[in-house]
1. Residues of segment 246-276 being open to solvent by 30 Å² or more (accessible area, probe 1.4 Å) and either free of Cβ contacts under 8 Å to residues at least 40 places away in the same chain or on the phi > 0 side of the Ramachandran plot (or both), which ones?
2. Consider only pairs whose beta carbons are under 6 Å apart and that are at least six residues apart or on different chains; among these, list those whose first residue lies in segment 290-304 and is touching a residue at least 40 places away in the same chain (Cβ under 8 Å) and whose second residue is open to solvent by less than 10 Å² (accessible area, probe 1.4 Å) and hydroxyl-bearing (Ser, Thr, Tyr).
3. Of Phe86, Phe68, which residue is touching a Leu at 6+ places or on another chain (Cβ under 8 Å) and modelled with pLDDT of 65 or more?
4. Within the group Ala100, Ala63, Ala37, which residue is within 21 Å of Pro180 (Cβ to Cβ), crowded, with 22+ Cβ neighbours inside 10 Å and at pLDDT 55 or above?
5. Mind listing just one residue for me: the one in segment 207-239 that is aliphatic (A, V, I, L, M) and free of Cβ contacts under 8 Å to residues at least 40 places away in the same chain and, of those, most open to solvent (accessible area, probe 1.4 Å)?
Amino acid sequence: MIPFLYFALADTVIVEPPDEMVSVHEWGVIELDESQAGAVGVPDGYVDAEQYYHQGEEMQVRAPVVWFHGAECSGIFSVELRNGCFDELMPNPDSIAHLAIPGVEGSDVVIAFWRDLKLVEEQIPIDGMQGASLDGGPFQLDCFTYAVPMWRDVPAHYVLHPGGQYQDRFIYYESSMSLPSALSGEYYNCQGEALVFFADDDKLACVRGDPAAEMDLDGYRLANEDVLSTLCDWGDNQLESEEVLALWRTWRPVLRTRCELEGETVILFPLTPEQEDVVSKIEFVPDEDWVDVRYERLLLGLGTVNL
């Protein structure tokens, strides 16, 4: 079977947002193996509330990518972290607010704001603006440089941020945090179905698993199109096919490295909405009062297991 055939069919059931609505799509993968978790793609470090970059070893939530569909408009986009810090923000935000109540657990909040963000269907050539020519763009990612062209292939709006001298197809951010209780415990508190990846005859293999039942490696081996279909189901078939395909193509090399070269067995599973909120919250506030906003998020947990 050809994966694109499935996605051609899947796109026929996705309802495009109405003219008065912006649909914000996001996916990301959180590696949950160590004592800290985060969202990644660049070298270790973090950006503090005063926007200074600090070196340091941190686990990171990998490659959260945000696209915008629907109405052309302008507005403010924000990403909120609770008990975490930003490692990378592209484009650079206009401001980062740090809010905390001393002595109150869970009150430590960091929010990045992009103001005067413009969402347009057609690219607008602007002299001197990063990414005005999408052949190169502003990205220099040690981990995911190979994936950036895939992210640009998604048929989403162009994102213009004059304050950051930025124009591209998407927003990209990374974050770090201590591993929350909502994502700790047996099988990282996976709720429902998971995909189990491992090496079989030195090649990446995948089976479906259920932490509530027996997790083993003897099930039906999933082909690429089966994995894509599962990811699409996890996203409630609301993400664009190109977005799901970019997710798989971004992360398959990482899975191959961990399973084929490092001999790990790992599970991949969708976070619940409550678990997603523990990782981050995103918000787009349009300048136009007639524009509504809806969100389609697919954040996945990834971690090694012993089976």
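1. Thr257, Leu261, Glu262, Gly263, Pro273
2. Matching pairs, first to second residue: Arg294/Ser23.
3. Working: Phe86 fails: touching a Leu at 6+ places or on another chain (Cβ under 8 Å).
It is Phe68.
4. Ala63
5. As a first pass, look at segment 207-239 and keep what is aliphatic (A, V, I, L, M): 207, 212-213, 215, 217, 222-223, 227-228, 231, 239.
Cutting the leftovers down to free of Cβ contacts under 8 Å to residues at least 40 places away in the same chain gives us 207, 212-213, 222, 227.
Details: Val207: 1, Ala212: 98, Ala213: 64, Leu222: 23, Val227: 3 Å².
The selected residue is Ala212.
Condition check ((1) surrounded by fewer than 22 Cβ atoms within 10 Å (Cβ to Cβ); (2) under 30 Å from Gly209 (Cβ atoms); (3) modelled with pLDDT of 80 or more; (4) charged (D, E, K, R)) across all residues:
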{"position": "Ile96", "(1), (2), (3), (4)": "yes, no, yes, no"}
{"position": "Trp114", "(1), (2), (3), (4)": "no, no, yes, no"}
{"position": "Asp135", "(1), (2), (3), (4)": "yes, no, no, yes"}
{"position": "Phe144", "(1), (2), (3), (4)": "yes, yes, no, no"}
{"position": "His161", "(1), (2), (3), (4)": "no, no, yes, no"}
{"position": "Ser175", "(1), (2), (3), (4)": "no, yes, yes, no"}
{"position": "Ser178", "(1), (2), (3), (4)": "yes, yes, yes, no"}
{"position": "Gly185", "(1), (2), (3), (4)": "yes, yes, yes, no"}
{"position": "Phe197", "(1), (2), (3), (4)": "no, yes, yes, no"}
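The values are calculated or read from the model by the stated rules, or taken from the named source; none is laboratory data. None of the values given here were measured: they were computed from a predicted structure. Cβ sites come from the backbone with ideal geometry, for glycine too, and all protein chains shown count toward neighbours. All accessible areas refer to the heavy atoms of the entire protein, side chains included, with ligands and DNA or RNA removed. Shrake-Rupley method; radii C 1.70, N 1.55, O 1.52, S 1.80 Å.
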